[in-house]
Amino acid sequence: MKYLLMMNAKFGTGEWDIFKWRPEEIKAHVAYWNSLNAELRDAGELVAIEALTGPAEAKLVRAGKDGLPVTDGVFPETKEFLAGYWIVDVDSAERAYAIAAKASLAPGPGGKPMILPIEVRQVMQSPARDV
Amino acid sequence: MTRATAEEVGHLLRELGPQVLGVLARRHADFASAEDAVQEALVAAATQWPSAGLPNNPRGWLFQVATRRLVDHTRSEVARRRRETTASELSHAERVDGDVAVAPDGDVAPEQDDTLVLLFMCCHPALTPASAIALTLRAVSGLSTAEIASAFLVPEATLAQRISRAKQTIAASATPFALPNAGERAARLRLVLHALYLTFSEGYTTSSGQSLQRTDLSSEAIRLTRTLQQLLPEDPEVGGLLALMLLTDARRAARTGEQGELIPLDEQDRSRWDPALIAEGVALVSKALSSGSIGPYQLQAAIAAVHDEAPNAAATDWPQILILYNLLRRMSDNPMVALNHAIAAAMVRGPQAGLDLLALLDTDPRIAAHYRLDAVRAHLWQMAGDTERAIQHYRAAAERTPSLPERDYLITKAAQLASERDSSPRG
């Protein structure tokens, strides 16, 4: 079963929260992700992983009357933004939750677990062949 | 018949595939069909040789099988058009080629020029660089679609489609499969060098600890450029590009830390640089520069050589680098060159000289909003002792960079400066 794990980060007043951290806190935070990702890769559970660029250039796009893109944004007052996601292939929903919990524990300021909210959604399967 | 392991067969096929493709495509003047046919022959060989043993003439075997597939495809295509395709013809086209009468080796002797023709063909002006690179890696390097997909971190089906579209584009462009004429040759060679340079950069900027299982694009780009340099030993820009790759790759082990974090040039442990690659690169660029026809790759290689030959960062011959960037700027309107030129000016004449040059780039739409401009500006403000401005620009760069290791490097720089500022006595 495949699950999408989405990590949201605080954007707050227009500065990334991580910009206020000390260098050693940033280092421990990055090392934690590297170790978690290596674990998922080694377990054969990692399908995809992407980190996204910051929201500074984020736009909402809709088609205009002529079908050409009409962009909206940037949104400096956004409180949270999608920072990145994992897609994991696991045996059970419980395993996906366990991975999400581990991600949630990433260390933040003072080395304390951040208890990040991780949204977990099951990925739809391809339709069966004979319906 | 000679016994061979699957791995030995794999190595042999990688070497022979492009040779057979070169000959077949030259004879049949249909690159796309020839490529498909050679791929099928390679699959047949990879399936059969490890168990049945190597044929006496592996290249001849591949050539025969690929030719037959090509003929089969043409025949079935003609048949399809006539709406006369029968089941028997289809099964004929798909039968397994067990034993094949092999022509004398001389019949399919590879011509050196075939590799050159393939490179020129794959780096076709009608293709985007991404497509040209994918096709080059498949047709000239002999990498599998899966290997190329892993190198670019895209799904295999996507990459297969990219290659397929590239072949259709070439087929539709109506350019015959041949070396470009003398007038087009120089322009086409520039496209080949650009594709090889991009391939190298793609591998180099992503070669961090986390990505070890990816196909090594930098090594592949070096291998191809080395082949090209052997074919065109008198071309100074080909030598310059190979030198640039070697002199850059020489620092590979020192440029990332244990966690894949970026280590900037002036903080690298120079004892981890590869002296053999540096020596080879320096010799190549010296020979190229002495030819008298100076080009951008030679100048970039010369700059890399100045860095590589400095025993430590403080001993770097910045005045020499500044001269080389001045020459490079006259040849190239690339704003990235202008950025590096500003750094060199700052190292020779002080940070304000560099900042003045950066101010000129604020009106250049190609780079005004680029994170690299902020990153360099941050560096120069830091040199000038203006911590607040440095932090501000490091953060602005961190917000925009699409590279995760670079993002981490930039926020760490900002955090270090902020931490020093907060702990030092004010006044």
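Order of B:Leu12, B:Leu360 from fewest to most other C-beta atoms within 10 Å?
Neighbour counts put them in this order, fewest first: B:Leu360, B:Leu12.
Could you give me the ³J(HN,Hα) list for region B:292-302, computed from phi with Karplus coefficients 6.51, -1.76, 1.60 and θ = phi - 60°, whole Hz, x at Gly and Pro?
Values per residue, Gly and Pro as x: x, 9, 8, x, x, 5, 4, 5, 5, 5, 5 Hz.
Work out the charge dipole of chain B with +1 on the Cβ of Lys and Arg and -1 on the Cβ of Asp and Glu about the Cα centre, then indicate which of B:Leu404, B:Ser141, B:Thr128 is farthest towards its positive end.
Checking the options against the dipole of chain B, the answer is B:Thr128.
Using Cα centres only, tell me the gap between region A:102-125 and region A:38-54 in whole Å.
That distance is 13 Å.
What's the magnitude of the charge dipole for chain A around its Cα centre, counting Lys and Arg as +1 and Asp and Glu as -1 at the beta-carbon? Answer in Debye, nearest 20.
Approximately 160 debye in magnitude.
Cα axis of helix B:58-81 to longest principal axis of chain B: angle in degrees, 0 to 90, nearest 10?
Once rounded, one gets 80 degrees.
Pop the C-beta distance of B:Leu198 and B:Ala172 into the FRET formula with R0 = 22 Å and round what comes out to the nearest 0.05.
0.40
Any chance you could run the full-extension gain for A:Ala38 through A:Leu68? It's 0.36 nm times the residue separation minus the Cα-Cα distance, nm to one decimal.
Extra length available between A:Ala38 and A:Leu68 comes to 6.6 nm.
If you wrap a convex hull around the alpha carbons of region B:111-207, what volume per residue comes out, as a whole number of Å³?
So the per-residue hull volume is 94 Å³.
Need the C-alpha centroid separation for region B:381-407 versus region B:133-177, integer Å.
38
Under 5 Å between amide hydrogens, which residues at least 5 positions from B:Ile294 or on another chain qualify, with H placed 1.01 Å from N in the peptide plane?
none
Once you charge only the Cβ atoms, +1 for Lys and Arg and -1 for Asp and Glu, what is the size of the charge dipole of region B:339-422 about its Cα centre, to the nearest 20 debye?
The dipole of region B:339-422 has a size of about 140 debye.
Can you report the principal axis dimensions of chain B using only the alpha carbons, biggest first, rounded to whole angstrom?
Here the spans come out as 92, 45, 43 Å, largest first.
Rounded to the nearest 20 debye, what is the charge dipole size of the protein assembly as shown about its Cα centre when +1 sits on each Lys and Arg Cβ and -1 on each Asp and Glu Cβ?
880
Would you kindly derive the ³J(HN,Hα) couplings of region B:340-346 from the backbone phi angles with the Karplus curve 6.51 cos²θ - 1.76 cosθ + 1.60 (θ = phi - 60°), listing them in order in whole Hz, with x for Gly and Pro?
5, 4, 5, 5, 4, 4, 5
Restricting to Cα pairs below 8 Å that are 6+ residues apart, what does the relative contact order work out to for region B:111-207? Please round to a whole percent.
Taking the mean separation of contacting Cα pairs over the length of region B:111-207, I get 36 percent.
Given a 10 angstrom Cα cut-off, can you work out which residue in B:Ser218, B:Ser271, B:Ser286 is the most mobile in a GNM of chain B?
In this elastic network of chain B, the residue with the biggest mean-square fluctuation among B:Ser218, B:Ser271, B:Ser286 is B:Ser271.
What longest region of chain B stays clear of trypsin sites (Lys or Arg not before Pro) that DSSP places outside H, G, I, E and B and that have at most 15 other Cβ atoms within 10 Å?
B:96-365
Under 15 Å from a point placed 7 Å out from the Cα of B:Ala369 along the Cα-to-Cβ direction: which residues of region B:382-424 have their backbone N that close?
Backbone N within reach: B:397, B:399-402.
Taking springs between alpha-carbon atoms closer than 10 angstrom, which of B:Val71, B:Val306, B:Val285 fluctuates most in the Gaussian network model of chain B?
B:Val71
Spelling out what I want: for every residue of region B:405-413, take phi, set θ = phi - 60°, compute 6.51 cos²θ - 1.76 cosθ + 1.60 (Karplus), and round to whole Hz; glycine and proline get x.
Running phi through 6.51 cos²θ - 1.76 cosθ + 1.60 with θ = phi - 60° gives x, 5, 4, 4, 4, 5, 5, 5, 4 Hz.
What is the spin-label model distance, in nm, from B:Asn326 to B:Arg272 if the labels are put 7 Å beyond Cα along the C-beta direction?
3.6
Under 24 Å Cα to Cα from A:Lys102, which lysines show up? Leave out anything in the same chain fewer than 8 places away.
The reachable lysines, counting only those whose Cα sits under 24 Å from A:Lys102, are A:Lys2, A:Lys10, A:Lys20, A:Lys27, A:Lys79, A:Lys112.
Which whole-number value in Å³ per residue fits the convex hull of the alpha carbons of the protein assembly as shown?
Hull volume over Cα atoms, normalised by residue count, gives 228 Å³.
Return the Cα extents of region B:240-332 along principal axes one, two and three, sorted largest first, each rounded to a whole Å.
That gives 42, 24, 22 Å along the principal axes, largest extent first.
What is the local net charge at B:Lys413, summed over the other residues whose Cβ is closer than 12 Å to its Cβ (Lys, Arg +1; Asp, Glu -1)?
Local net charge: -4.
Write down, largest first, the equivalent ellipsoid semi-axes of chain A in whole Å, where each equals the square root of 5 times an eigenvalue of the alpha-carbon gyration tensor.
Working through the eigenvalues yields semi-axes of 27, 27, 11 Å.
Output the 0 to 90 degree angle, nearest 10, between the alpha-carbon long axis of helix B:387-400 and the longest principal axis computed from the alpha carbons of chain B.
Orientation of helix B:387-400: about 20 degrees from the principal axis.
With a cut-off of at most 10 other beta carbons within 10 Å, and DSSP calling the residue loop, which chymotrypsin sites (Phe, Trp or Tyr not before Pro) in region B:257-355 qualify? Please list them.
none
Positive end of the charge dipole of chain A (Lys, Arg +1 and Asp, Glu -1 on Cβ, about the Cα centre): tell me which of A:Ala98, A:Ala43, A:Trp21 has its Cα farthest that way.
Farthest towards the positive end: A:Trp21.
Throughout, read-outs are computed from the coordinates displayed, never taken from laboratory work. All of these numbers come straight from a predicted model, not from anything done at the bench. No Cβ is skipped: glycine too gets one built from the backbone with ideal geometry, and neighbour counts run over all protein chains shown.
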